[in-house]
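To keep things clear, I will list the structure first and then write my remarks on it.
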Amino acid sequence: MGRIIQGRLVVTCLLLALLIIIPQVDAAFLGSPEELEAFFDGALAIQMREYNLPGATVALVQNGSIVFSKGYGMADLDKQIPMDPETTLHRPGSNSKILVWTAVMQLVEEGRLDLYADINTYLDFPIPSKIGGREAPPITLHHLLTHTAGFEEKVMELFVSTSEQMQPLGIYVQEHLPNRVFQPGSVMAYSNYGTTLAAYIVELVSGQSFSEYAREQILEPLGMHSSTFEQPLPAHLAAQMSEGYRFEDGRFVPGGFEYVQSYPAGALSSTTHDMARLILAHLDLAQPSQFVEDLEGTEEAEVATEAEEGEVEEEANIPVSAILSQETAQTMQKQQFSGHPEIPGMTYGFIEANYNGHRVLSHGGDTLLFTTGLYFLPEENVGFYVAYNSALGESARRALFQGFMDRYFPAENMEKPVFRAIASGTEANYQGTFHSARSNFTSVESVLRLLQPMYLKVDSHGYLNVQINGTTTRYAEIAPNLFQELNGTDKMAISFDDGKVTKIFFGGPNTWLRTPWHQNPKFLLSLLVVSVLIMLVTILGWIRSIFRPQVRRSSFVAPKVLGVLFFLLFVTIMILLVDVVSTLHPTLGVPTIALEPSTTLNAALILTKILVGLTGLILLTLIYLIFTRRGNRLQRLYYTLFALSSLSVIAVLYQIHLF
């Protein structure tokens, strides 16, 4: 983790240095291919070196046309096939969701869907009406489009190992229905399931599979002829697919084709030019003009040379139909939900952001093998798309786009806020451990929530320190309950309950909630370690007593047998769980449990139930020993500690839903 963080910092610093070396230009001159090529060549060269990237593609659009695109590195290292923004396919990941939200808005425009109607009106199976046993308001499409439906996160079997494991969409959404954990419209929690459910509603209302609907109503009208949701790829596109790579032990490991069970939320295969067309459609308020690709420049920049002019002309003459009305498209691009008026939030499907004072609509995409970023500036009529054939996460795409914005849309006349420290004596109201609202709360997956905490602390200067994944960011208050990075422009907002911070809002669907003390990862780990040590010391004492000469031995065999059985069973469960998380998919490099059901996990879950039963017997035995005064006082004391320790172990297992 430290090496990754260091690499990200190096990338950012080098990009900033690059921006200083090359003078800033006015955004009106984005159409200069030579200037654009110089910028992206330098930026991508840095990223490919620092992130160990095999390949990348980038495209820039402005005023209805693609003004620059280029491929970098290799799509296939073994065959030495270069990345090509026009022909090389990649997996855009969650940028697939834009097609789902566009489809929903099309049906809203036609009057076949209502954004504020109970989604049970459209579904052929019921979404439970209760949260924690209490009646809750119904979920609507408005909630699904803004990630405020209130579903918990589920990641297991979001991807699957083979095409044979793929289920029809209707079966998947019923069998993988997550629990409702938040009131609709109260908390933004990014949800793959919510998107997939919306796509299933499109299926039911349109009478077509979602992939077919998207092809006929969105992909074909926009000329996105190299894009598809089909898994595996059709034969005419399979040869164009880039490999996705992992960098492991100093070498690139190809991962093969990924199968996404929740396919509307992340299974699109596309080219960078096709994704640029999607941006153009939404930039032009969903009434795209003819897509003229102004790519004058060098051959390496994928430009239209004289020999290629016929190909570009032919593409430009493809008729393109409008996919949305102007009014619907404008509604889709308006903010619909935010945690705070000064914090970027959600439109209908797009994530808001603020870069250098400019409003940006964006979406990121991450699969197990690809990373993509889609950005556009509605007011400036500029869009940006980047794809990497390796899983890098948010830092790479964000660093590249930030560099682009600093170069072409620098901050101008932005008034620097006045940074204030929090009031002295209120530090305890802020400090604590938090977890992402995008978490699981009711199944074995909830262990991931405990492994990814965020810590909020107050430093000696009265500034808030946000620590996550080993990285600390300092924030200062700039308005009541509103904070900004000391060394940046990102903001966060907080809300209080009973005098303590209970929610933290960052830009987009990124909300964090205070973790109760009994679910605090440090508390649970400490409790587990102390309990196991007490049990281990007690058992070692019992073993030692066997070899100690005694005139008379007390009858204390049965309690000891129960204790030893409990400890051995607990150790067995831990070994099984370690095996579950350490068994990796040979090409994708992730625990196999994420891709398919695990018999080992099922065995561990059965054993935890037996462990609960043993705990009950130990407690009953303890009560019997106390009332009958069996054994001496020291033996009863040790057994009491052992019983309490076993109960603590069960409490920890309960918190991570292992039974």
Here the gain from full extension of residue 626 to residue 581, 0.36 nm per residue of separation minus their alpha-carbon distance, amounts to 12.1 nm
Report, by chain and number, residues whose modeled amide H sits under 5 Å from the one on residue 153, excluding near sequence neighbours (fewer than 5 apart, same chain).
439, 440, 441
Any chance you could run the full-extension gain for residue 543 through residue 644? It's 0.36 nm times the residue separation minus the Cα-Cα distance, nm to one decimal.
34.3 nm
Förster-model FRET efficiency, 25 Å R0, residue 155 and residue 490, C-beta, rounded to 0.05
0.45
Note down the Stokes-Einstein diffusion coefficient of the stretch 380-482 in µm²/s, whole number, using a Kirkwood radius over alpha carbon pairs, 10 °C, and 1.306 mPa s.
91 µm²/s
What percent of all Cα-Cα pairs in the stretch 317-467 falls in each 5 Å bin, counting up from 0?
2, 7, 11, 12, 16, 18, 15, 10, 5, 2, 1, 1, 0, 0
Extending each Cα 7 Å along its Cβ direction at residue 564 and residue 179, get the distance between those two points in nm, one decimal.
3.8 nm
Pull up all non-local amide H partners of residue 261: gap of 5 or more, or a different chain, and H-to-H distance under 5 Å with H placed in the peptide plane.
159, 160
What do you get for Rg/Rh of the stretch 580-659 when both radii come from the Cα atoms and Rh is the Kirkwood radius?
1.22
Surface per residue (accessible, 1.4 Å probe) for the chain, Å²:
44 Å²
Semi-axes of the equivalent ellipsoid of the stretch 441-482: what are they in whole Å, largest first, if each equals the square root of 5 times a C-alpha gyration tensor eigenvalue?
28, 12, 7
Check which residues have an amide H placed less than 5 Å from residue 584's amide H, if you skip close sequence neighbours.
592
On the Cα set of the stretch 180-236, report Rg and Dmax in Å, please.
14.9, 46
With axes computed from alpha carbons, what is the tilt in degrees of helix 633-655 against the longest principal axis of the chain, rounded to the nearest 10 within 0 to 90?
20 degrees
Tell me the angle of helix 272-283 to the major Cα principal axis of the chain, expressed in degrees between 0 and 90 and rounded to the nearest ten.
80 degrees
Tail weight of P(r) past 20 Å, computed on alpha-carbon pairs of the stretch 104-203, percent:
37 percent
If I model a spin label as a point 7 Å beyond the Cα along the Cα-Cβ vector, how far apart are those points for residue 525 and residue 322 in nm?
5.7 nm
Within 10 Å of each candidate Cβ there may be at most 11 other Cβ atoms; applying that plus a DSSP loop requirement, which trypsin sites (Lys or Arg not before Pro) in the stretch 50-124 survive?
79
With a Förster radius of 25 Å, plug the Cβ-Cβ distance of residue 127 and residue 335 into 1/(1 + (r/R0)^6) and report the FRET value to the nearest 0.05.
0.45
Dimensionless Rg/Rh of the stretch 128-264, both radii on Cα and Rh by Kirkwood, sits at 1.03
Once both label points are put 7 Å beyond Cα along the C-beta direction, the residue 659-residue 114 separation in nm becomes 4.8 nm
Going out from 0 in 20 Å bins, what whole percent of all Cα-Cα distances in the chain drops into each bin?
17, 47, 27, 8, 1, 0
What are the trypsin sites (Lys or Arg not before Pro) within the stretch 551-617 that DSSP puts in a loop, where the Cβ has at most 15 other Cβ atoms within 10 Å?
552, 553
Computed on alpha carbon atoms, what radius of gyration and Dmax characterise the stretch 424-563, expressed in Å?
23.1, 77
Residue-span extension gain [residue 32 to residue 451] - 0.36 nm each, minus C-alpha spacing:
146.1 nm
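The values are calculated or read from the model by the stated rules, or taken from the named source; none is laboratory data. Keep in mind that this is a model prediction, so the values were computed, not measured. Because the Cβ atoms are built from the backbone with ideal geometry, glycine has one as well, and the counts that use them run over all protein chains shown. These area figures cover heavy atoms from the full protein model, side chains too; ligands, DNA and RNA do not enter into them. Shrake-Rupley method; radii C 1.70, N 1.55, O 1.52, S 1.80 Å.
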